[in-house]
1. On the Cα set of the stretch 363-431, report Rg and Dmax in Å, please.
2. Over the chain, what is the relative contact order in percent, taking alpha-carbon pairs closer than 8 angstrom and at least six residues apart?
3. Apply the a/c threshold of 1.5 to the C-alpha gyration tensor of the chain and tell me whether it is rounded, prolate or oblate.
4. Enter the angle in degrees (range 0 to 90, nearest 10) between the Cα long axis of helix 469-485 and the first principal axis of the Cα atoms of the chain, meaning the one along which they spread out most.
5. Out of Tyr432, Ala453, Ser464, whose Cα points farthest toward the positive end of the dipole of the stretch 388-488 (charges: +1 Lys, Arg; -1 Asp, Glu; placed on Cβ)?
6. Round to the nearest 10 and give me the degree value, 0 to 90, for the angle of helix 450-460's Cα axis relative to the longest principal axis of the chain.
7. Which Rg and Dmax, in Å, describe the Cα atoms of the stretch 84-229?
8. Which of rounded, prolate or oblate describes the stretch 335-488 when judged by the alpha-carbon gyration tensor and an a/c cut-off of 1.5?
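Bear in mind these aren't lab numbers, they're just calculated from the coordinates by the rules spelled out. Being a predicted model, the structure only gives us computed values, none of them experimental. When we count neighbours, we look across all protein chains shown, and the Cβ atoms used for this are built from the backbone with ideal geometry, even at glycine.
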Amino acid sequence: MFKYKSFLQKASLSACLFLCVVLNGYAQESIFFTPAEEKAYEALWALDEKGIETATPISSANMLYISNLYATLDIILSDDASKFEAYEEALEERLEELENMAAKEPLYSFFKAELMLQSAFVHLKFGHELEASWVIRQAYHKTVKNAENFPAFKPHLKTLGLLHVLIGSIPSKYEWLLSLLGMEGSIENGLAELQRYARSNESMAQEAALLLKLVHSYLLNGQYTMEETSFSTSTPLAQFVQLLISLKKANGPQALATFLWLDRAGFPYPFLYYLGGEAYLRKGNFQKAIKQYSRFIQYSKGTSNVKDAYYKTWLAYHLLGDSTQSQKYLKLASSHGETRSEADKYASKALKKGIAPNALIMRLRLLTDGGYYPQADSLIDIHPYPKFETLSEKVEFDYRKARLAHKQGKIDKAITLYEQVIGNAPQKGDYYAPNACLQLGLVYIERHRTEQAKYYLEKVKTYSKHAYKQSLDHKAKMALAKLKKGPG
């Protein structure tokens, strides 16, 4: 099956959090909900199932949507495959009930497309790519047709915006498939649609603003400029998204503060513990990282990120110098979990090397990924000329220094280090050289040096057999497309 799954998976959580509007009644251009439905909607943001169930006894299209969105969030965040059959049965019942309500257009098609799209992301979560692709196609065409028939209906902007960003993010080698499926879209158009809705006075504008931030940092990796949009982070759901964004943007202190807020609030899904482990690991607090990874492993009902949690526990014990525990978790990491997620794939590849990572390099990497730049600088100052046993270690050390300099805004220093990485690295195996090429390409785009940017971005695809080939090739493709279109 085609491999654009990982791009959709990155977006699947955000899409299911904020796919569409909860509605009651149709004015010509907007959607509103009753006070009782608003109470249910607030319970949804609090991940409070009982609050949704007790908000109102009246069945409506709005409540069908709220219930389905909660069920979608629940099965994705819990990673619990045992809920899948019940989820599908409940979805069919809601779709049937929605049809029996004889809701007027554009509400009926809007709701139906949204419920279908939610189910597509659930299919993707559990590896059902063929089913997900077909359902996404159906939702896309239903939404496009509905938007053509009712162009003043603003909520379409959020749905189409998300779909257009996802479609525009698919690697070019699968564009033939999009054409076959009759789907088209671009990242720029999708972002513009989301921004337009976020700037409106619609009741769900805050969701669009939050979705924009999540898509921008988590799916598009900050490669596209966009206007700032404010959003409230006062609910557990919004705080969870803020945690994801903070980790992605190397804001370790903010990530830790958000994790602690959610933990105190009783966030109901074990994936929180995995993210807490990530935050503590990057800070260098290895004992607390081990505790959070252990909580995740103990309570998780799924398989995603389990291998990586065992791997990171092994890594933490290795960096603490505890050989007994590190050997124990090395065996557990090798024998547990799957390799569907990118984190698990990287963990599997690292484990197959059979060599413990260099402690200095790993500490430098973790501090940089957490945004602890002064501590990372101090680490380099303490070890200005380290000796390494392999060429791969030397290349990685230069790469880590390049990433640190780049994130600190020391661009000329970063360029020199990236060039050293590219000059010394082998053509396959590690991802340091292809990512160095990608970063140089992005730097030269910012400096309006088009030919150099194009050279390095095209060079990304020449590297093979590294853990992040699909995602790095994709990022280079997006940057090349943006470069081809020129300014604006």
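1. In Å, with Rg to one decimal and Dmax whole: 11.8, 33.
2. 10
3. prolate
4. Taking Cα atoms only, the helix is inclined about 70 degrees.
5. The Cα lying farthest towards the positive end belongs to Ala453.
6. Value to nearest ten degrees: 90.
7. When restricted to Cα atoms, the stretch 84-229 yields Rg and Dmax of 15.6, 45 Å.
8. oblate
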